[in-house]
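**Student:** Just dropping this structure here.
Where a number appears in this text, it was derived from the coordinates with a stated rule and is not lab data. Here the structure is a predicted model, which is why all the values come from computation and not from measurement. Cβ sites come from the backbone with ideal geometry, for glycine too, and all protein chains shown count toward neighbours.
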Amino acid sequence: MKSVVYPPAQALLCYHYISGAKPTHVYLAGLGQGSTGSYPSVIYGSELAAYHTLMPDFLGFGYSEKPDAFGYTVDEHADSIAFLLDKLQARACTVVGHSFGGAVAIVLATKRPDLVARLVLAESVLDAGDWFGAAAQSEEQYIASGHIPILEEYRQSLPLYDESDRAWWPIGKSAMTNYPFYRTACSLAHGTQPTWREQLYQLKIPRLFLFGEVSLQMKTERVEDKDELPAYGVQVAVIPKAWHVNLMSANPPAFTRAIAEFEAQ
């Protein structure tokens, strides 16, 4: 694992990397998790391991530091990833973002088109919405009583993962600090203008949106997006047997194959 100091927060942003001959892939995790725990199982041993790969943990999550002097908005997270890519002299990357990480990826591609050549969004957040009821509480209330129930919600998803693929939970539980989670959840609840959806539609780079088959069946995702996104030039692929929480781990071969086929176009 490596790290860089992010000057605006004076905090260490940590990341894993795999050296590869093919162009750079950057993997961004969903809310409360770290890329260092979410993605290795779908990269190692697959065709994606041939790419130069960065798996950063957002500030406040995973192994990165949790500075209090940081706002944790989607835009601020995007700025920190841009800083990392600049530091590593990475350009024209394929950025893969899951859920909240997808919103960060969209903002990154909008603000810094030199950094992002392709976008893969795994059930990305596109619109503002209620995130665990965090925005209905003050930060003090959330820290006092709101965070523990959310940790329990995450714990209850463990049966959806194979036993060998549950290591993210003890890491995430110890690293999912209350105030970074709260501030990030509030940013997702409040949204932005233009919306992440509008920013996505305005991008001209190749874009792929991944749905879980179970998400569409249970309608936990906006089902009409499956038809609407292609109208804006966004390709769509469905990962069999998967839904939002286990989108990468439920069917790793299908997940990696979708990205590899997208890259081959």
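**Student:** Suppose every K and R has +1 on its Cβ and every D and E has -1 on its Cβ; what is the size of the dipole of the stretch 2-264 about the Cα centre, in Debye to the nearest 20?
**Tutor:** 600
**Student:** How big is the charge dipole of the stretch 169-258 about its Cα centre, in debye rounded to the nearest 20, if each Lys and Arg gets +1 on its Cβ and each Asp and Glu gets -1 on its Cβ?
**Tutor:** Details: 10 positive and 7 negative charges, 57 e Å.
For this selection, approximately 280 debye.
**Student:** Moving on. Which percent, nearest 5, of DSSP beta bridges in the chain are antiparallel? All intermediate terms of the calculation are to be shown ahead of the outcome.
**Tutor:** Details: 9 of 32 bridges.
Roughly 30 percent of the beta bridges in the chain run antiparallel, per DSSP.
**Student:** Indicate, rounded to the nearest 5 percent, the antiparallel portion of the DSSP beta bridges found entirely in the stretch 18-105.
**Tutor:** Details: 1 of 8 bridges.
Around 10 percent antiparallel, to the nearest 5.
**Student:** Here's a follow-up. What is the stretch 112-171 by shape, rounded, prolate or oblate, if you read a ≥ b ≥ c off the alpha carbon gyration tensor as root eigenvalues and call it rounded for a/c under 1.5, prolate for a/b larger than b/c, and oblate otherwise? Mind showing how you got there, number by number?
**Tutor:** Numbers: a/c = 2.43, a/b = 1.20, b/c = 2.03.
The shape class here is oblate.
**Student:** Net charge near F70: determine it from the other residues with C-beta under 13 Å of the C-beta of F70, scoring Lys and Arg +1 and Asp and Glu -1.
**Tutor:** Numbers: positive: K66, R183; negative: E65, D68, D75, E76, D79.
Charge balance in the 13 Å sphere: -3.
**Student:** Expressed in nm to one decimal, what extension gain is obtained for the pair K241 and T220 from 0.36 nm per residue of sequence separation less their Cα-Cα distance?
**Tutor:** On the way: separation 21, 0.36 × 21 = 7.56 nm, distance 1.40 nm.
Fully extending the segment from K241 to T220 adds 6.2 nm.
**Student:** Next question, about the same structure. Tally Lys and Arg at +1 and Asp and Glu at -1 over the other residues with C-beta under 11 Å from the C-beta of D114: what net charge comes out? Provide the component values of the computation, followed by the final result.
**Tutor:** Details: positive: R91, K111, R112; negative: D86.
Once all neighbours under 11 Å are counted, the net charge is +2.
**Student:** So, R0 is 22 Å and r is the distance between the beta-carbons of R112 and S46; what FRET efficiency does that work out to, to 0.05?
**Tutor:** Details: r = 27 Å, r/R0 = 1.25.
Calculated transfer efficiency: 0.20.
**Student:** With point charges of +1 on the Cβ of Lys and Arg and -1 on the Cβ of Asp and Glu, referenced to the Cα centre of the chain, which listed residue (A260, A185, Y72) lies farthest in the positive direction of the dipole?
**Tutor:** Checked the options; the winner is A260.
**Student:** By how many nm would the segment from Y232 to A260 grow when fully extended, if each residue of separation counts as 0.36 nm and the alpha-carbon distance is taken off?
**Tutor:** Values: separation 28, 0.36 × 28 = 10.08 nm, distance 2.17 nm.
Stretched out fully, the Y232 to A260 stretch lengthens by 7.9 nm.
**Student:** Follow-up question, since we're still on this one. Classify the stretch 128-265: rounded, prolate or oblate, from the alpha-carbon gyration tensor (a ≥ b ≥ c, eigenvalue square roots; a/c under 1.5 rounded; otherwise prolate if a/b is larger than b/c)? Mind showing how you got there, number by number?
**Tutor:** Values: a/c = 2.25, a/b = 1.32, b/c = 1.70.
It is oblate, given that a/c is not under 1.5 and a/b is not larger than b/c.
**Student:** Within the set of other residues whose C-beta is less than 13 Å from the C-beta of D86, count the net charge using Lys and Arg as +1 and Asp and Glu as -1. Could you put the intermediate results ahead of the total?
**Tutor:** Numbers: positive: K87, R91, K111, R112; negative: D79, D114.
Net charge around D86: +2.
**Student:** 7 Å from Cα along Cα→Cβ at both K173 and K87: what's the point-to-point distance in nm?
**Tutor:** Once both label points are built, they end up 3.0 nm from each other.
**Student:** Where does the chain land at 222 nm, in deg cm²/dmol rounded to the nearest 500, when only DSSP H runs of n ≥ 4 count, each adding -39500 (n - 2.57), divided by all residues? Write down the numbers at each step before the final one.
**Tutor:** On the way: 11 runs with 94 residues, N = 265.
Rounded to the nearest 500, the figure is -10000 deg cm²/dmol.
**Student:** Let me know the shape class of the stretch 27-170, please: from the alpha-carbon gyration tensor, a ≥ b ≥ c as square roots of the eigenvalues, rounded when a/c is under 1.5, otherwise prolate if a/b is greater than b/c, or oblate.
**Tutor:** Oblate shape, in that a/c is at least 1.5 and b/c is the bigger or equal ratio.
**Student:** Across the chain, what fraction of all alpha-carbon pairs, as a whole percent, falls in each successive 10 Å bin from zero upward?
**Tutor:** 7, 33, 40, 19, 1, 0
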